[in-house]
Amino acid sequence: MKYLIIYAHPNPKSFNNAIKDAVISKLTKEDKSFEIRDLYALGFDPILKGSDFIGFKEGKIPLDIVEEQNYIKSADRIILIHPIWWFGMPAILKGYIDRVFSYGFAYRAGEKGIEGLLTGKKVFILNTTGETQDQYVQYGFKDAISKTFQNGIFNFCGMEIISHQFFFAVPTITDADRKNILKQISTMPF
Ligand SMILES: Cc1cc2nc3c(=O)[nH]c(=O)nc-3n(C[C@H](O)[C@H](O)[C@H](O)COP(=O)(O)O)c2cc1C
């Protein structure tokens with residue numbers, strides 16, 4: 001069983017970084033095999049280019065995309081860790097999905113419509129927010145984000161989301177609450 005952590009936060013002092021460390025420590029303790037793609041640390045280029053489209057069409061996939069696709073290919077379980085920014089994912093992660101989950105790799109048009117090609121892979125999503133749970137529920141943001149990730153991205157590509165956790169209002173909760181979240185992560189079944 002191979003795990004792939006995809007992490008998107010630029011600040012090493014962020015709570016997301018603490019979440020990433022808690023996940024790494026859990027997988028290490030459990031002797032699980034994992035890779036981590038820290039998109040900011042890698043300087044991942046998130047801009048889908050005209051030349052990328054030409055490459056996809058001619059079967060000459062840009063090398064930085066091939067490298068990321070190989071990580072996805074060999075992963076059985078994918079753990080996504082990032083904050084919610086503007087009620088979506090940070091642009092670097094959106095661009096990663098634009099470029100790496102490409103036509104012919106992640107999905108294709110089959111006889112019966114779109115076919116997801118990344119079947120068998122299980123996904124766990126850990127998100128932090130600035131706003132409270134009440135605000136997310138009241139305005140429908142939780143449902144909207146969950147549906148976009150589930151139906152719009154991962155299921156579309158054939159993957160299964162096992163859990164999508166929101167840790168709400170991270171900047172304004174107490175230190176004890178934040179510690180509890182990290183404790184919770186150490187017992188999550190990935
Ligand atoms: C560019 C930017 C956009 C943000 N947009 C949202 C948003 O749309 N909804 C929300 O709940 N919080 C938003 N926030 C707050 C972050 O989600 C919050 O600060 C973060 O999840 C806390 O975790 P961290 O300490 O790891 O950054 C935004 C923060 C930034 C920097």
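The numbers here are math on the coordinates, done by the rules we state, and not lab data. None of these values were measured; they are calculated from a predicted model. Every residue, glycine among them, receives a Cβ derived from its backbone with ideal geometry; neighbour counts consider all protein chains shown.
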(message) Using only the alpha-carbon atoms, how far is helix 175-186 inclined from the longest principal axis of the chain? Give it as 0 to 90 degrees, nearest 10.
(response) 50 degrees
(request) Just the number, please: percent antiparallel of the DSSP beta bridges in the chain, rounded to the nearest 5. (result) 15 percent
(request) Please work out the C-alpha center-to-center distance from region 55-120 to region 128-180 and express it in whole Å. (result) 21 Å
(request) Calculate, for residue 146 and residue 177, the FRET efficiency according to 1/(1 + (r/R0)^6) with r their C-beta to C-beta distance and R0 35 Å; round to the nearest 0.05. (result) 0.95
(message) If you average 1/r across every pair of different Cα atoms in region 83-190 and take the reciprocal, what Kirkwood value do you get, in Å?
(response) 15.4 Å
(request) State log₁₀ I(q)/I(0) for region 2-186 at q = 0.09 Å⁻¹ as given by the Debye formula over alpha-carbon point scatterers of equal weight, solvent excluded. (result) -0.34
(request) Output the Kirkwood hydrodynamic radius of region 1-100, Cα pairs only, in Å rounded to one decimal. (result) 14.5 Å
(message) For residue 167, what residues show an amide H to amide H distance below 5 Å, using hydrogens built from the backbone and excluding near sequence neighbours?
(response) 127, 128, 129
(request) Would you please give the FRET efficiency between residue 13 and residue 114, computed as 1/(1 + (r/R0)^6) with r the Cβ-Cβ distance and R0 = 41 Å, to the nearest 0.05? (result) 0.50
(message) Quick check: the angle from helix 63-74's long axis to the longest principal axis of the chain, C-alpha only, nearest 10 degrees?
(response) 70 degrees
(message) Suppose only helical runs count, i.e. DSSP H with n ≥ 4. What mean residue ellipticity at 222 nm does that imply for the chain under -39500 (n - 2.57) per run, divided by all residues and rounded to the nearest 500 deg cm²/dmol?
(response) -11500 deg cm²/dmol
